[in-house]
């Protein structure tokens, strides 16, 4: 059984109420966390077929559009593809919003989009080569759905990141196709798309112009696979090394990510400890790497014990490494001692591991594993 509350996984709201409604018997019925084997390597033939299916459909230098809705789009789903693809410099990448004004990301950060979908259409009437769809607070936003379907009709490859697969499904693009999504939303996705064919044990699935991924951290291998499709394996490997990632592919152990008793108990325990909830300051510095910033802010805001809050010396937007403008949550010259998050590592793969180790040191290993499970990240520091 999956939690029935729309944003319970992201915010922690409703966890205690859900427990009261479902009863202790429900909690005891959940499986224990189990240690699983490392997934086997993926055959080269399958990898080659995946890369071939993601080749640019229109331009030699592709145009990639990342869409968000202004009131709530998932932090890492939106920022990680942007940062990695801009770092690679193999395509023109633009971060969009359905309406004018800032995009509030959840569970942390607020950014200025580079254009609205209407402005993008006016500049590029023939459409994008790729459209990346993050998780959103609403799967049925009319402006987002209409724009995604119009881009697909113009020949764009549509990539649903994490629970963005639900938005892609709502747009009617998963009917009869193979797909995957974040473990938490899988049952819902299958119910809403009965003709979709779920593929287990893959972080990235591509079928006839539509790609989907598993949870949040899958944005990294998805972005690298896209770079390989555009510019070749050597370029993708060079970017991976720059990110601090030794290797990547689509392998995944789906059994390692599920609603377990330990996950539920950690969510409940951390939610009940409301008097210990912390607001941790994260200083916005010009030139900060978007991917590292997103992963750190996202991870610390998923503990149910803390929330990452960005601050800067003035209210103006701070420009990131690749030209995105992030708005500080608070204007402050500094932050209270002991409540400031460490300086962010420039190599994103290291930034996430460092954040999880710091979370484990502050709140315990179970909370760090709880965060890694939400990110659907096979954390090497975990006990499973």
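The table below gives the values:
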| item | result |
| --- | --- |
| Filter pass, residue 101 being under 17 Å from the mean Cα position of the chain (by Cα) and either assigned to a loop (DSSP other than H, G, I, E, B) or assigned by TED's automatic domain parsing to the domain that holds residue 131 (or both) | no |
| Top-ranked residue in region 178-198 [being surrounded by fewer than 19 Cβ atoms within 10 Å (Cβ to Cβ) and touching a helix residue (DSSP H, G or I) at 6+ places or on another chain (Cβ under 9 Å); ranked as farthest from residue 38 (Cα to Cα)] | 192 |
| Qualifying position, being in contact (Cβ under 8 Å) with a residue 40 or more places away in the chain, in the same structural domain as residue 237 (by TED's automatic domain parsing) and closer than 22 Å to residue 167 by Cβ, among 88, 72, 118 | 72 |
| Some residue of region 305-312 being closer than 30 Å to residue 53 by Cβ, at pLDDT 95 or above and not in a helix (DSSP H, G or I) | no |
| Those residues of region 348-384 which are within 24 Å of residue 135 (Cα to Cα) and in a loop (DSSP other than H, G, I, E, B), in sequence order | 375, 376, 377, 378, 379 |
| From 114, 45, 123, residue being surrounded by fewer than 21 Cβ atoms within 10 Å (Cβ to Cβ) and within 23 Å of the chain's Cα centre (by Cα) | 114 |
| Positions within region 310-340 being touching a residue at least 60 places away in the same chain (Cβ under 8 Å) and either surrounded by fewer than 20 Cβ atoms within 10 Å (Cβ to Cβ) or under 18 Å from residue 106 (Cα atoms) (or both), in sequence order | 310, 317, 321, 322, 323, 324, 325, 326, 327, 329, 339, 340 |
| All helices (runs of 4 or more DSSP H) inside region 110-229 with 2 or more residues being within 18 Å of residue 96 (Cα to Cα) | 117-123, 142-153, 164-170 |
| Region 246-262, residues that are closer than 29 Å to residue 235 by Cβ and not in a loop (DSSP other than H, G, I, E, B) | 251 |
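The values are calculated or read from the model by the stated rules, or taken from the named source; none is laboratory data. Keep in mind it's a predicted model, so treat the numbers as computed, not measured. All Cβ positions, glycine included, derive from the backbone under ideal geometry; neighbour counts span all protein chains shown.
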